[in-house]
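*Asks:* Have a look at this one before I ask anything.
The values are calculated or read from the model by the stated rules, or taken from the named source; none is laboratory data. Being a predicted model, the structure only gives us computed values, none of them experimental. Here the Cβ positions follow ideal geometry from the backbone for every residue, glycine too, while neighbour counts run over all protein chains shown. Areas reflect the complete protein model, heavy atoms only, side chains present, ligands, DNA and RNA absent. Shrake-Rupley method; radii C 1.70, N 1.55, O 1.52, S 1.80 Å.
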Amino acid sequence: IGNLCDAERALLGSSACTQLLSFYDNSLTGTIPAELGNLTTLTSLSLTSNQLSGTIPSSLGNLTSLTYLALAINQLTGSIPAELGNLTSVIYLTLGTNQLSGSIPTVLGNLSSLKYLFLYSNALTGSIPSEIGNLNNLVYLGLVENQLTGEIPESFESLSQLTAFGLSENYLS
(Lines give C-alpha, C1' and ligand atoms only; values in the text may rest on other atoms or scores of the structure.)
Protein backbone atom coordinates (compact mmCIF):
# COMPACT_ATOMS: atom_id res chain seq x y z
CA ILE A 1 0.00 0.00 0.00
CA GLY A 2 1.57 3.24 -1.10
CA ASN A 3 0.33 6.74 -0.51
CA LEU A 4 -3.36 6.23 -1.21
CA CYS A 5 -4.14 9.95 -1.37
CA ASP A 6 -1.46 10.63 -4.01
CA ALA A 7 -2.70 7.69 -6.08
CA GLU A 8 -6.31 8.88 -5.86
CA ARG A 9 -5.38 12.43 -6.76
CA ALA A 10 -3.41 11.23 -9.80
CA LEU A 11 -6.22 8.95 -10.98
CA LEU A 12 -9.10 11.30 -10.34
CA GLY A 13 -7.35 14.59 -11.02
CA SER A 14 -8.85 16.07 -7.89
CA SER A 15 -8.14 16.51 -4.22
CA ALA A 16 -10.00 13.28 -3.38
CA CYS A 17 -8.65 11.28 -0.51
CA THR A 18 -10.01 8.08 1.04
CA GLN A 19 -11.11 8.50 4.62
CA LEU A 20 -12.87 5.16 5.12
CA LEU A 21 -11.29 1.76 4.66
CA SER A 22 -13.41 -1.28 5.45
CA PHE A 23 -12.72 -4.94 4.80
CA TYR A 24 -15.34 -6.09 7.29
CA ASP A 25 -16.42 -9.74 7.15
CA ASN A 26 -14.15 -11.13 4.46
CA SER A 27 -11.74 -14.02 4.61
CA LEU A 28 -8.57 -11.96 4.78
CA THR A 29 -5.57 -13.85 6.11
CA GLY A 30 -2.03 -12.85 6.95
CA THR A 31 -0.94 -9.88 9.00
CA ILE A 32 -2.14 -6.30 9.12
CA PRO A 33 0.26 -4.33 6.89
CA ALA A 34 2.32 -1.81 8.85
CA GLU A 35 1.98 0.47 5.79
CA LEU A 36 -1.62 1.20 6.81
CA GLY A 37 -0.04 3.60 9.28
CA ASN A 38 0.92 5.79 6.29
CA LEU A 39 -2.74 6.48 5.43
CA THR A 40 -2.88 9.41 7.82
CA THR A 41 -6.14 10.86 6.43
CA LEU A 42 -8.16 7.78 7.39
CA THR A 43 -11.02 8.47 9.74
CA SER A 44 -12.36 4.92 9.81
CA LEU A 45 -10.59 1.56 9.58
CA SER A 46 -12.46 -1.72 9.91
CA LEU A 47 -10.79 -5.10 9.54
CA THR A 48 -13.30 -6.88 11.77
CA SER A 49 -14.45 -10.47 11.13
CA ASN A 50 -11.53 -11.80 9.14
CA GLN A 51 -8.78 -14.30 9.83
CA LEU A 52 -5.94 -11.86 10.36
CA SER A 53 -3.06 -13.01 12.54
CA GLY A 54 0.14 -11.56 13.96
CA THR A 55 0.43 -8.42 16.02
CA ILE A 56 -1.29 -5.06 15.75
CA PRO A 57 1.24 -2.81 14.00
CA SER A 58 2.41 0.06 16.19
CA SER A 59 2.27 2.23 13.04
CA LEU A 60 -1.53 2.38 13.43
CA GLY A 61 -0.75 4.94 16.13
CA ASN A 62 0.10 7.33 13.29
CA LEU A 63 -3.57 7.44 12.23
CA THR A 64 -4.39 10.40 14.43
CA SER A 65 -7.47 11.32 12.34
CA LEU A 66 -9.17 8.00 13.10
CA THR A 67 -12.51 8.18 14.84
CA TYR A 68 -13.31 4.48 14.31
CA LEU A 69 -10.89 1.54 14.64
CA ALA A 70 -12.29 -1.98 14.50
CA LEU A 71 -9.94 -4.98 14.54
CA ALA A 72 -12.26 -7.39 16.36
CA ILE A 73 -12.98 -11.03 15.57
CA ASN A 74 -9.60 -12.02 14.13
CA GLN A 75 -6.69 -14.07 15.42
CA LEU A 76 -4.43 -11.20 16.46
CA THR A 77 -1.78 -11.95 19.08
CA GLY A 78 0.72 -10.02 21.15
CA SER A 79 0.05 -6.95 23.22
CA ILE A 80 -1.96 -3.82 22.54
CA PRO A 81 0.58 -1.31 21.19
CA ALA A 82 1.08 1.71 23.43
CA GLU A 83 1.11 3.81 20.24
CA LEU A 84 -2.69 3.45 20.07
CA GLY A 85 -2.66 6.03 22.85
CA ASN A 86 -1.91 8.59 20.10
CA LEU A 87 -5.39 8.15 18.60
CA THR A 88 -6.91 11.05 20.52
CA SER A 89 -9.74 11.50 17.97
CA VAL A 90 -10.94 7.90 18.18
CA ILE A 91 -14.52 7.50 19.40
CA TYR A 92 -14.96 3.76 18.81
CA LEU A 93 -12.18 1.23 19.45
CA THR A 94 -12.75 -2.51 19.33
CA LEU A 95 -10.05 -5.16 19.62
CA GLY A 96 -12.37 -7.83 21.01
CA THR A 97 -12.39 -11.55 20.18
CA ASN A 98 -8.71 -11.94 19.39
CA GLN A 99 -5.85 -13.57 21.25
CA LEU A 100 -4.28 -10.41 22.64
CA SER A 101 -2.22 -10.77 25.80
CA GLY A 102 -0.36 -8.58 28.24
CA SER A 103 -1.77 -5.66 30.14
CA ILE A 104 -4.08 -2.87 29.03
CA PRO A 105 -1.78 0.06 28.20
CA THR A 106 -2.22 2.99 30.58
CA VAL A 107 -1.93 5.37 27.60
CA LEU A 108 -5.43 4.36 26.51
CA GLY A 109 -6.45 6.81 29.23
CA ASN A 110 -5.28 9.56 26.83
CA LEU A 111 -8.09 8.84 24.36
CA SER A 112 -10.21 11.78 25.46
CA SER A 113 -12.80 11.40 22.66
CA LEU A 114 -13.38 7.69 23.28
CA LYS A 115 -16.99 6.64 23.84
CA TYR A 116 -16.84 2.88 23.13
CA LEU A 117 -13.96 0.63 24.21
CA PHE A 118 -14.25 -3.09 23.53
CA LEU A 119 -11.38 -5.36 24.61
CA TYR A 120 -13.54 -8.42 25.42
CA SER A 121 -12.63 -12.06 24.71
CA ASN A 122 -8.87 -11.85 24.76
CA ALA A 123 -6.20 -13.04 27.21
CA LEU A 124 -5.42 -9.65 28.76
CA THR A 125 -3.81 -9.81 32.20
CA GLY A 126 -2.96 -7.47 35.04
CA SER A 127 -5.20 -4.88 36.58
CA ILE A 128 -7.51 -2.42 34.90
CA PRO A 129 -5.49 0.81 34.63
CA SER A 130 -6.82 3.65 36.77
CA GLU A 131 -6.17 5.91 33.75
CA ILE A 132 -9.33 4.47 32.16
CA GLY A 133 -11.09 6.76 34.64
CA ASN A 134 -9.78 9.72 32.60
CA LEU A 135 -12.10 8.82 29.71
CA ASN A 136 -14.80 11.38 30.51
CA ASN A 137 -16.80 10.60 27.34
CA LEU A 138 -16.80 6.83 27.79
CA VAL A 139 -20.29 5.37 27.35
CA TYR A 140 -19.53 1.64 27.06
CA LEU A 141 -16.61 -0.43 28.34
CA GLY A 142 -16.36 -4.11 27.43
CA LEU A 143 -13.65 -6.09 29.22
CA VAL A 144 -15.56 -9.38 29.52
CA GLU A 145 -13.72 -12.70 29.22
CA ASN A 146 -10.10 -11.84 29.89
CA GLN A 147 -7.74 -12.70 32.73
CA LEU A 148 -7.81 -9.34 34.50
CA THR A 149 -7.08 -9.23 38.22
CA GLY A 150 -7.29 -6.75 41.08
CA GLU A 151 -10.00 -4.29 41.96
CA ILE A 152 -12.15 -2.03 39.83
CA PRO A 153 -10.28 1.29 39.96
CA GLU A 154 -11.77 4.01 42.14
CA SER A 155 -11.25 6.38 39.21
CA PHE A 156 -14.29 4.75 37.56
CA GLU A 157 -16.40 6.98 39.83
CA SER A 158 -15.56 9.88 37.50
CA LEU A 159 -16.97 8.11 34.42
CA SER A 160 -20.21 10.08 34.49
CA GLN A 161 -21.21 9.17 30.90
CA LEU A 162 -20.72 5.42 31.41
CA THR A 163 -24.03 3.65 30.87
CA ALA A 164 -22.86 0.05 30.48
CA PHE A 165 -19.76 -1.93 31.26
CA GLY A 166 -18.96 -5.61 31.22
CA LEU A 167 -16.32 -7.06 33.50
CA SER A 168 -17.55 -10.62 33.92
CA GLU A 169 -15.41 -13.71 33.34
CA ASN A 170 -12.24 -12.18 34.80
CA TYR A 171 -10.49 -12.60 38.15
CA LEU A 172 -11.42 -9.27 39.68
CA SER A 173 -11.78 -8.86 43.42
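*Asks:* Rounded if a/c is under 1.5, else prolate if a/b beats b/c, else oblate: with a ≥ b ≥ c from the C-alpha gyration tensor eigenvalues square-rooted, which is segment 9-112?
*Replies:* oblate
*Asks:* Each label point is 7 Å from the Cα along the Cα-to-Cβ direction; what then is the distance between the points at THR64 and LEU167, in nm?
*Replies:* Label-label distance for THR64 and LEU167, simple model: 3.4 nm.
*Asks:* What percent does the relative contact order of the chain come to when contacts are Cα pairs within less than 8 Å and at least six residues apart?
*Replies:* Value for the chain: 13 percent.
*Asks:* For segment 59-120, what is one quarter of the convex hull surface built on the Cα atoms, given in nm²?
*Replies:* The Cα convex hull of segment 59-120, projected and averaged over all directions, gives 3.6 nm².
*Asks:* Can you give the Rg/Rh ratio of segment 116-158, where Rg is from the C-alpha atoms and Rh is the Kirkwood radius?
*Replies:* 0.95
*Asks:* Roughly how much of SER89 is accessible, in Å² to the nearest 10, using a 1.4 Å probe?
*Replies:* Probe radius 1.4 Å; accessible area of SER89 about 50 Å².
*Asks:* Along Cα→Cβ, 7 Å out, is where each label goes; now give me the distance between the ones at ASN136 and SER160 in nm to one decimal.
*Replies:* 0.8 nm
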